[in-house]
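What follows is a single structure, written as structure tokens, with notes after it.
The values are calculated or read from the model by the stated rules, or taken from the named source; none is laboratory data. Since the model is a prediction, treat every value here as computed from it, not as a measurement. Cβ placement follows ideal geometry from the backbone for every residue including glycine, while neighbour counts extend to all protein chains displayed. Each accessible area value is taken on the protein alone, full model and side chains, heavy atoms only, with ligands, DNA and RNA left out. Shrake-Rupley method; radii C 1.70, N 1.55, O 1.52, S 1.80 Å.
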Amino acid sequence: MNASYERDGQLVEFVQSNGYVSIEDLSRSFGLSPQSIRRLVNRLSDQGKLKRSHGGVSPPTDGANLEYRTRQVLRLAEKKLIAAAVARFVPNGASLFIGLGTTPECVAVALADHSDLRVFTNSLNVAAALSANPGVEIAIAGGLLRRRDRDVIGSGAVAFFRRYKVDFSIFGVGGVDPDGMLLDFDEGEVEAREAMVEGSRNSLLVADHTKFGRSVPVRGGKIGEVDHLFTDRLPPAEFMPAIRKGDVQVHHPPDDRVTAA
């Protein structure tokens, strides 16, 4: 993971969020010459991450998320900030669902020194982050492995989470609409997330600020249905009515908590 991976990921995510973007706009936004942007766009298009259009570039038509190792380095400081706040909130001795994605993985890393945890997860990345701690019991969902992200989704993951009742569920999303709708890239991701929420006493959504307003194709659940939102900054004003409607507690710097009222 290096600076070029982070830049690639930022550019692809910028295009995913904005739709068609001209070469000139990309040049201004990223401080690169049009020639450099064209070379970068051509390489990313050849890799299937972007789609070349006349005078610019568009998201790929399949609606796929960025590759995992690219997402791991995007906004890593913000994800670590969120993860640290979750680690302060979750006590030793708790039972947890932890979902897939890079922010839940950061939470797992932050929880690695906790004791007497019982963790249920559909992410091999989460399991690996916690596996060195003998004080953490780990159960992993069975089913078809999605090698790209090293996780399990689909009926196997849904059935796995529905077998248990835990203290906390910790999960991310692909995006949040201003009306509060939670969005993801795959129906299986949504189904597993909803099973986690149903089977937990406290649901914790972990999402950095770029998820608010991000357009992602599959809908499922609303932000007002979660108990806690952990983020790196207060969401934009247009999202607050949906948050207040559900009386969601918002945790963010500098004081970790703002209670939506």
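Structural remarks
- In the set Ser131, Ser123, only one residue is among the polar types (S, T, N, Q) and open to solvent by 10 Å² or more (accessible area, probe 1.4 Å); that residue is Ser131.
- Enumeration of residues in segment 26-51 that are open to solvent by 60 Å² or more (accessible area, probe 1.4 Å) and out of contact with any Phe, Trp or Tyr (no Cβ under 7 Å at 6 or more places or on another chain): Arg28, Gly31, Gln35, Arg38, Arg39, Asn42, Arg43, Asp46, Gln47, Lys51
Here's the yes/no breakdown for (1) outside any loop (DSSP other than H, G, I, E, B); (2) modelled with pLDDT under 90; (3) under 17 Å from the mean Cα position of the chain (by Cα):
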position	(1), (2), (3)
Leu81	yes, no, yes
Val86	yes, no, yes
Pro91	no, no, no
Leu100	no, no, yes
Ala127	yes, no, yes
Asn133	no, no, no
Ile138	yes, no, no
Gly142	no, no, no
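- Selected residue (criterion: farthest from Phe120 (Cα to Cα)) from residues of segment 170-227 that are over 11 Å from the mean Cα position of the chain (by Cα) and of a type in the set (Lys, Arg): Arg214
- Any chance Ala141 is of a type in the set (A, V, I, L, M, F, W, C) and either open to solvent by 40 Å² or more (accessible area, probe 1.4 Å) or farther than 14 Å from Val197 by Cβ (or both): yes
- Yes/no for Arg244 being farther than 23 Å from Pro59 by Cβ, open to solvent by 10 Å² or more (accessible area, probe 1.4 Å), modelled with pLDDT under 95 and touching a helix residue (DSSP H, G or I) at 6+ places or on another chain (Cβ under 6 Å): no
- Within segment 144-195, the only residue that satisfies the criterion of being on the phi > 0 side of the Ramachandran plot and open to solvent by 30 Å² or more (accessible area, probe 1.4 Å) is Arg150.
- Of all the numbered requirements in (1) at negative phi; (2) open to solvent by 40 Å² or more (accessible area, probe 1.4 Å); (3) in a loop (DSSP other than H, G, I, E, B); (4) acidic (Asp, Glu), Asp232 misses one, and that requirement is (2).
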